[in-house]
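Colleague: Here's a structure for you.
The values are calculated or read from the model by the stated rules, or taken from the named source; none is laboratory data. The structure presented is a predicted model; accordingly, all values stated were derived computationally and were not measured. Ideal geometry is used to build each Cβ from the backbone, glycine not excepted, and the neighbour counts take in all protein chains shown. For accessibility, only protein heavy atoms count, side chains too; no ligands or nucleic acids. Shrake-Rupley method; radii C 1.70, N 1.55, O 1.52, S 1.80 Å.
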Amino acid sequence: MQIVKIALDVPLHRFFDYRVPENEHLNSSDLGLRVCVPFRHTTKIGIIVGLSETTDIPLAQLKSIETVRRDLPPLPPDWFRLCEFCAGYYQAPLGEVMLSTLPASLRRTNPPKAQLSRRTVKQRAPHPPPELTAEQQAALAKIVDDGLGFRAYLLHGVTGSGKTEVYLRLIERALAAGKQVLLLVPEINLTPQLEARVSARFPEAGLVSLHSELSEAARSRNWRAALEGTARIVLGTRLAIFTPMPELGLIVVDEEHDASFKQQDGMRYSARDVAVFRARERGVTIVLGSATPSLESWANATDTRTPGRYTLLSLRQRAVEKATLPVVQRIDTRREKLQDGFSGALFEAIEKRLLRGEQSLVFLNRRGYAPVLTCTGCGWISHCARCAANLVLHLADARLRCHHCGFETRVPKACPTCGNQDIHAFGRGTQRLEEVLAERYPQARILRVDRDSAKSRKQWEALSAQIYAGEADILVGTQMLAKGHDFPKLTLVGALGADAALFAADWRAPERLFAQLMQVAGRAGRAELPGEVLIQTEFPEHPLYAALIRHDYPGFAGEQLKEREQAGFPPYAYQAMLRAEAPQMADSLAFLATARAWPDAELYRDVMLYDPVPMRMARLANLERAQLLIESPSRRTLQVFLSEWRVVLDKIKSPSRLRWHLEVDPLEF
Ligand code: ADP
Ligand code: ZN
Ligand code: ZN
């Protein structure tokens, strides 16, 4: 009798044994096929992970596979190793990891009818590739000289320096060698330009994209094309890192610093970190590119104590002739009374652009009209009833909204507590800036770009086409506008409200602020017209701004890393976070306290367990949240500790409505 081991999408750290029916015979080449199996009272899709002749299950209880699915080639061995690595590193059940990375329709026992492939090929006249600049040439030559095996490169290039062109040359080389290419981007919504650019350069490569906005059918079609090898280039967001690609030869992670590479629920993985593992395991080249690399990657590329971990390649100049980096200036707002949040200098600069027919961008990383509504009579403020957060005023559609749990309600006409009609919007968001500018410049065409105005990819594409065509004079936007876009008429960026991040409790806030400002500054003056960036601040002497003015990412990163090392923060320590949430805070804290009291924890001298504490935003959607930080100077020790501890956690008895999860390498606290 033949027995198979099956991975199933269940939250258990084990496989399941099944009998192979008489009419089937499976051999090792069938590992990685999908099967339908009875499980409890339903039928589930599973993946064959092993063949065996014995089992611990009494034969009478051993159930049989229902069907073997041969509609797809078996999932390749390196895909298994990738899932295994993730399950181990992120402490997630392997079956869940494997099944959850498959497109939904391949996980179903009764899949929807196969649809005709309707790939729309965007026909674009391919531009001849530009001649490389000396810096691009040098970066490319270094990678080419190193050959095709594993090596990780950090391509640090200022905005507009032509990183994408370097990727394109590498893709060309990989394709010519008969390899497949995986290109990861943080948010595909924001990058239709890249998709068009890559497919225009390689029209024969059957480029497919993989991201969450695709229909289920398109996603499984594209995924299958990657597995079957008809797609030679896969362009996708973080989930695409799990695409099986039998002939993978190159991985590129663009904007590698971007927090969107981090998955925030389920298995909380970093697609960038997983990509580096995958490249090493497959023995292929990986290129991480950014104008503002994550400090983790920067340390890997520059720390002289760990030479050669990543190879640093730098592009210091913009690629287009005449395009220079924008001039960045601080506007000291301590010395003047701001008008609706704007300094006189910023208004003047905007007016200059209006006269010259150029575009300005006003950057504020807060959407909505105002962050809170208050009553002058009794001091009432618009709290979310379900979260420890305020309801944000959205005047455009007269709603109060919680940006955390999604709760929303009408804007009251009077204070709900005292009936006072004198209620005020306090503070500013993008909608309010838009209103101020519209009042002041009635003749100007003003466009707001944030997650409210660009909810879908279509809306975003329409907005960006409008901007590109010069049909807007002033843009008001959040960091959505900061990423990767090339607007030729944009010559002024004004940043408001940046100071808030300087002294935030989150020690990663300066890193994020610097990246955001540098990226948003990079939007200005990309073509022939020089750009100017004005940052309104009450702390003009702050070293972060000083580095920004010099366009000195290395200087900033070096200082930050020194501080991190002194404080014992990542990347000089490795962290994990255990979080619990329940209707009562006492239950969440009690769970963490029990977890912390595990006697064997003492044996791990190098692992530090902090005290359980309520999270900074303690209440979210009616649940009270608490967390416990675990830290170690050794990644390896932390891993060993976590895998033992996880078994203990699974056994802790807790109230039925308590949920917990473990996050490795957390980014947010
Ligand atoms: P990055 O990805 O570093 O922001 P891009 O690759 O988008 O930069 O390049 C910025 C601009 O410079 C683009 O318009 C691109 O077409 C152009 N460009 C890139 N490389 C060259 C080159 N070698 N010669 C001329 N123009 C170039
Ligand atoms: Zn009141
Ligand atoms: Zn809420």
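Colleague: Enter the angle in degrees (range 0 to 90, nearest 10) between the Cα long axis of helix 585-596 and the first principal axis of the Cα atoms of the chain, meaning the one along which they spread out most.
Modeller: Roughly 60 degrees between the two axes.
Colleague: Pick out, from Val647, Pro554, Gln180, the residue whose Cα sits farthest towards the positive end of the charge dipole of the chain, with +1 on the Cβ of Lys and Arg and -1 on the Cβ of Asp and Glu.
Modeller: Farthest along the dipole direction, towards plus: Gln180.
Colleague: Take every Cα-Cα distance within the range 134-315, group them into 5 Å bins from 0 onward, and report for each bin the whole-number percent of pairs it holds.
Modeller: Per 5 Å bin, starting at zero, the Cα-Cα P(r) for the range 134-315 comes out as 1, 8, 18, 22, 23, 15, 8, 3, 1, 0 percent.
Colleague: Quick one: of Lys163/Lys352; Lys44/Lys455; Lys352/Lys455; Lys44/Lys458; Lys322/Lys352; Lys44/Lys653, which pairs are farther than 26 Å apart, Cα to Cα?
Modeller: Lys163/Lys352; Lys44/Lys455; Lys352/Lys455; Lys44/Lys458; Lys44/Lys653
Colleague: Sticking with this structure for a sec: What are the radius of gyration and Dmax of the chain, computed over its Cα atoms and given in Å?
Modeller: Every Cα atom of the chain included, Rg and Dmax give 26.9, 86 Å.
Colleague: Using alpha carbons only, how many degrees (0 to 90, rounded to 10) separate the axis of helix 192-201 from the longest principal axis of the chain?
Modeller: It works out to around 70 degrees.
Colleague: Based solely on its DSSP helices, what 222 nm [θ] is calculated for the chain when runs of n ≥ 4 H residues each add -39,500 (n - 2.57) and the sum is averaged over all residues, nearest 500 deg cm²/dmol?
Modeller: -9000 deg cm²/dmol
Colleague: In addition: Quick one: order Val208, Val411 from most to least accessible surface, probe 1.4 Å.
Modeller: So, going from the largest accessible area down, we get Val411, Val208.
Colleague: If you stretched the chain out fully between Ala398 and Ala621, how much longer would it get, using 0.36 nm times the residue separation minus the C-alpha to C-alpha distance?
Modeller: Fully extending the segment from Ala398 to Ala621 adds 78.1 nm.
Colleague: How large is the dipole of the range 327-558 about the Cα centre if only Lys and Arg carry +1 and Asp and Glu carry -1, each at its Cβ, rounded to the nearest 20 debye?
Modeller: 560
Colleague: Please list, short to long, the whole-number percent of alpha-carbon pairs of the range 1-51 in consecutive 5 angstrom bins beginning at zero.
Modeller: All Cα pairs, binned at 5 Å, distribute as 5, 21, 33, 27, 10, 4, 0 percent.
Colleague: I've got another one for you. Between Gln264 and Glu563, what FRET efficiency follows from the Cβ-Cβ distance if R0 is 25 Å, with the result rounded to 0.05?
Modeller: Efficiency computed from Cβ-Cβ geometry: 0.45.
Colleague: Nearest 20 debye, what's the magnitude of the dipole of the range 504-559 about its Cα centre given +1 on Lys and Arg Cβ and -1 on Asp and Glu Cβ?
Modeller: 220
Colleague: Still on this model: Below 8 Å between Cα atoms, with a sequence gap of 6+, how large is the relative contact order for the range 3-107 in percent?
Modeller: Worked out over the range 3-107, it gives 36 percent.
Colleague: A further question follows. Name the shape class, rounded, prolate or oblate, that the alpha-carbon gyration tensor gives for the range 547-669, where a ≥ b ≥ c are the square roots of its eigenvalues, rounded holds for a/c under 1.5, and otherwise prolate holds if a/b is larger than b/c and oblate otherwise.
Modeller: Oblate is the answer for the range 547-669, as a/c is 1.5 or above yet b/c matches or exceeds a/b.
Colleague: Okay, next question. Of the listed peptides 396-406, 443-453, what is their order by residue-averaged count of other C-beta atoms within 10 Å, with the highest listed first?
Modeller: So the peptides 396-406, 443-453, ranked by packing, come out 443-453, 396-406.
Colleague: Same structure again: Ranking request for peptides 209-219, 17-27: highest mean number of other beta-carbon atoms within 10 Å first, then the rest in descending order.
Modeller: Put in order of decreasing packing, that is 209-219, 17-27.
Colleague: Under the definition of Cα pairs under 8 Å and six or more residues apart, what whole-number percent is the relative contact order of the chain?
Modeller: 11
Colleague: With each label point set 7 Å from Cα along the Cα-Cβ vector, what nm distance links Glu228 and Ser656?
Modeller: Using points 7 Å along Cα→Cβ, the separation is 4.7 nm.
Colleague: Please give the FRET efficiency for Arg14 paired with Leu355, using the beta carbon to beta carbon distance and R0 = 56 Å, rounded to the nearest 0.05.
Modeller: 0.20
Colleague: Could you size up the charge dipole of the chain around its Cα centre, putting +1 on the beta carbon of Lys and Arg and -1 on that of Asp and Glu, and report it in debye to the nearest 20?
Modeller: Using only the charged Cβ atoms, the result is roughly 1220 debye.
Colleague: How many Å² of accessible area per residue for the chain, probe 1.4 Å?
Modeller: 45
Colleague: Given a 1.4 Å probe and every protein chain left where it sits, what share in percent of the accessible area of the range 134-315 is carbon and sulfur?
Modeller: Looking at the range 134-315 in its full context, I get 49 percent from C and S.
Colleague: Report the antiparallel proportion of the DSSP beta bridges in the chain as a percent, rounded to a multiple of 5.
Modeller: 50
Colleague: Suppose R0 equals 35 Å; then what is the FRET efficiency for Ala138 and Ala438 from their Cβ-Cβ distance, rounded to the nearest 0.05?
Modeller: 0.15
Colleague: A follow-up question, please. Could the peptides 245-256, 465-476, 655-666 be put in order, highest first, of the mean number of other beta-carbon atoms found within 10 Å of their residues?
Modeller: Ranked from most to least packed, the peptides come out as 245-256, 465-476, 655-666.
Colleague: Taking square-rooted eigenvalues a ≥ b ≥ c of the alpha carbon gyration tensor, is the range 19-74 rounded, prolate or oblate, where a/c under 1.5 means rounded and, failing that, a/b exceeding b/c means prolate?
Modeller: oblate
Colleague: While we're on this one: Just the number, please: percent antiparallel of the DSSP beta bridges in the range 327-558, rounded to the nearest 5.
Modeller: About 40 percent, rounded to the nearest 5.
Colleague: Let me ask something else about it. What's the angle, to the nearest 10 degrees (0 to 90), between helix 635-651's Cα axis and the longest principal axis of the chain?
Modeller: Computed tilt is about 70 degrees.
Colleague: In terms of the Cα gyration tensor, with a ≥ b ≥ c the square roots of its eigenvalues, is the range 327-558 rounded because a/c is under 1.5, prolate because a/b exceeds b/c, or oblate?
Modeller: Prolate, because a/c is 1.5 or more and a/b exceeds b/c.
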